[in-house]
Amino acid sequence: MKLYIYGSGGHSLVVEDIAKKCGFKEFEYIDDYGDKYRSFNDICKDINIPFFIAIGNNKVRSKIFFKLKDNGFKVVNLIDPSSVISQSVMLGEGILVMPNVVINAKAKIGNGVILNTSCVIEHENLIDDFVHISPNVSLAGNVHIGSNTHIGIGATCIQNINVGQNCIIGAGSVIVKNIPNNCKGYGVPFKIVEEIDE
């Protein structure tokens, strides 16, 4: 079974490892920059081979996701077998679940989400499209993370919190109150340091 991997940076190495565990045997990297790999235009008619998008940048991943869907490609989920996922979890498309991730009851995970190594997504969390949850992040129950937001490594969030869209949460932050859209910050507790242009 063959898989196209869109992107050829360091993130793609992890993607290929997990794809092998999911049963894929053959891989081809697709990259629109440089001449080492074929570009999307070279294979855009070959819709019988599924894709996974191995790009960490949330907004770039979003654009590629919709380009693939508009051209009729299937975008698969890659879920490491060591992860623990409740049967009541709802999953979108193009999701990467890395080793030792826990997703508990009635959580909803949107399209193109990266759940990085050993993060914990507690009950009834809503993770919107194209979010990146970094390694060792812990989100308590009933947390909502808005689209295109990046939660840095080792951050934690108490229950019943809303984090807006297009935010960057620094490594090790502790989130104890709601965070609006389009902001960047860090700290214990988390503090906004600047606004982000949409």
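The values are calculated or read from the model by the stated rules, or taken from the named source; none is laboratory data. None of these values were measured; they are calculated from a predicted model. Here the Cβ is made from the backbone with ideal geometry for all residues, glycine too, and neighbour counts use every protein chain on show. Note: areas computed on protein heavy atoms with side chains; ligands, DNA, RNA excluded. Shrake-Rupley method; radii C 1.70, N 1.55, O 1.52, S 1.80 Å.
General remarks:
- Charge dipole (Cα centre; +1 on Lys/Arg Cβ, -1 on Asp/Glu Cβ; no other charges) of the chain amounts to roughly 260 debye.
- Given +1 at the Cβ of Lys and Arg, -1 at the Cβ of Asp and Glu and no other charges, the dipole of the range 48-99 around its Cα centre is 260 debye to the nearest 20.
- Each of S134, Q159, F52 was placed along the dipole of the chain (beta-carbon charges, centred on the mean Cα), and the one lying farthest toward the positive end is Q159.
- Based on Cα contacts under 8 Å between residues 6+ apart, the chain shows a relative contact order of 11 percent.
- Our coupling estimate for the range 98-111, obtained by passing each phi through the Karplus curve with A = 6.51, B = -1.76, C = 1.60 and θ = phi - 60°, is 8, x, 6, 6, 10, 10, 9, 3, 6, 6, 10, 10, x, 5 Hz, Gly and Pro reported as x.
- Note on the range 114-198: with neighbouring protein chains present and a 1.4 Å probe, carbon and sulfur make up 49 percent of its accessible heavy-atom surface.
- For the range 108-198, a simple Cβ point-charge model (Lys and Arg +1, Asp and Glu -1, everything else neutral) yields a dipole of about 260 debye relative to the Cα centre.
- A simple count of charges around G110, restricted to other residues whose Cβ falls under 11 Å of its Cβ and scoring Lys, Arg +1 and Asp, Glu -1, yields -2.
- Paramagnetic reach from D17 in the range 110-127 [backbone N under 16 Å; point 7 Å along Cα→Cβ]: 115-119
- Rolling a 1.4 Å probe across the protein heavy atoms gives the range 10-124 an accessible surface of 51 Å² per residue.
- Under 5 Å from the amide H of F27 lie the amide H atoms of L3, each residue being 5 or more positions distant or on a separate chain, with H modelled from the backbone and absent for Pro and chain starts.
- Principal-axis tilt of helix 58-70 within the chain, Cα atoms, nearest 10 degrees: 40
- Degrees, to the nearest 10: 10-21 long Cα axis against longest axis of the chain: 70
- Centre separation in Å (Cα based) which lies between the range 9-67 and the range 119-198: 27
- Inter-site label distance for K59 and S39 at 7 Å from Cα along Cβ, in nm: 2.2
- Peptides 110-119, 34-43 ordered by average Cβ neighbours within 10 Å, highest first: 110-119, 34-43
- For the pair N181 and K67, the difference between a 0.36 nm per residue extended length and the Cα-Cα distance amounts to 38.5 nm.
- Reach of K67 by Cα under 22 Å, taken over lysines that are not fewer than 8 positions away in the same chain: K2, K36, K45, K59
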